[in-house]
Amino acid sequence: MNILGVILARKGSKGIPKKNHLKLNGKNLVEIAVRSAKKSKLLTKIILSTDDSKLKKDGIKSGALAPFARPKKLSHDKASSIDALKHTVLWLRENEKWNADIVVLLPPTTPFKTGKLIDDVIRLLLKSKANAAMTITDSPYPLEW
């Protein structure tokens, strides 16, 4: 079974400028996402979809594949994550003849996910025979903060 992990990290961010470049413990959010994904035992392939050359370099150095530059039409504020995921899946199918059975979105903006959590959600998805799964947690403080 081919399980694809996709890290979406575009260059422009209006809410928090350069948010994917922010560092925790000396690593930017993309590096952290790749390292977490690499600890998964179930992900078959990890792809970084980005339009940012620095993030691409950091992602590759951390162990992700970044075989294409994310198109401009998928890199603006109104671009949807689902369209960027579809682009990645289609690019792999057309250019590498590789098909994903499951696609896992690994947002860099959730830096505390672990390889075990990624695998637990994949196992839950497979066991339940659902079409999708996601993690949700209660916030210990009001969301407005």
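Is it the case, given these coordinates, that Ser53 is among the polar types (S, T, N, Q), more than 14 Å from the chain's Cα centre (by Cα), modelled with pLDDT of 95 or more and surrounded by fewer than 17 Cβ atoms within 10 Å (Cβ to Cβ)? It is true that Ser53 is among the polar types (S, T, N, Q), more than 14 Å from the chain's Cα centre (by Cα), modelled with pLDDT of 95 or more and surrounded by fewer than 17 Cβ atoms within 10 Å (Cβ to Cβ). In segment 45-65, the count of residues that are in a loop (DSSP other than H, G, I, E, B), free of Cβ contacts under 8 Å to residues at least 60 places away in the same chain, out of contact with any Leu (no Cβ under 8 Å at 6 or more places or on another chain) and basic (Lys, Arg) is zero. Within segment 21-37, the residues that satisfy the criterion of being over 12 Å from Lys113 (Cβ atoms) and open to solvent by 10 Å² or more (accessible area, probe 1.4 Å) are His21, Leu22, Lys23, Leu24, Asn25, Gly26, Lys27, Glu31. Among the residues of segment 69-98 satisfying the criterion of being within 22 Å of Ile32 (Cα to Cα) and touching a residue at least 24 places away in the same chain (Cβ under 8 Å), which is most open to solvent (accessible area, probe 1.4 Å)? Restricting to residues being within 22 Å of Ile32 (Cα to Cα) and touching a residue at least 24 places away in the same chain (Cβ under 8 Å), the top hit is Ser81.
For beta carbons closer than 9 Å, sequence separation of 6+ or different chains, a first residue in segment 129-145 that is under 27 Å from Ile102 (Cβ atoms) and open to solvent by 100 Å² or more (accessible area, probe 1.4 Å) and a second that is modelled with pLDDT of 80 or more and β-branched (Val, Ile, Thr), the qualifying pairs are Met134/Val121.
Sort out which residues of segment 113-128 are charged (D, E, K, R), more than 15 Å from the chain's Cα centre (by Cα) and open to solvent by less than 70 Å² (accessible area, probe 1.4 Å), and write them in order of number.
Applying the first criterion (charged (D, E, K, R)) to segment 113-128 yields 113, 116, 119-120, 123, 127.
When the remaining residues are screened for being more than 15 Å from the chain's Cα centre (by Cα), the result is 116, 120, 123, 127.
Selection gives Asp120 alone.
Of all the numbered requirements in (1) closer than 16 Å to Ser36 by Cα; (2) over 13 Å from the mean Cα position of the chain (by Cα); (3) open to solvent by 50 Å² or more (accessible area, probe 1.4 Å), Thr110 misses one, and that requirement is (2).
The values are calculated or read from the model by the stated rules, or taken from the named source; none is laboratory data. Since we're looking at a predicted model, the values are computed, not measured. Every residue, glycine among them, receives a Cβ derived from its backbone with ideal geometry; neighbour counts consider all protein chains shown. Accessible surface areas use protein heavy atoms only, side chains included; no ligands, DNA or RNA. Shrake-Rupley method; radii C 1.70, N 1.55, O 1.52, S 1.80 Å.
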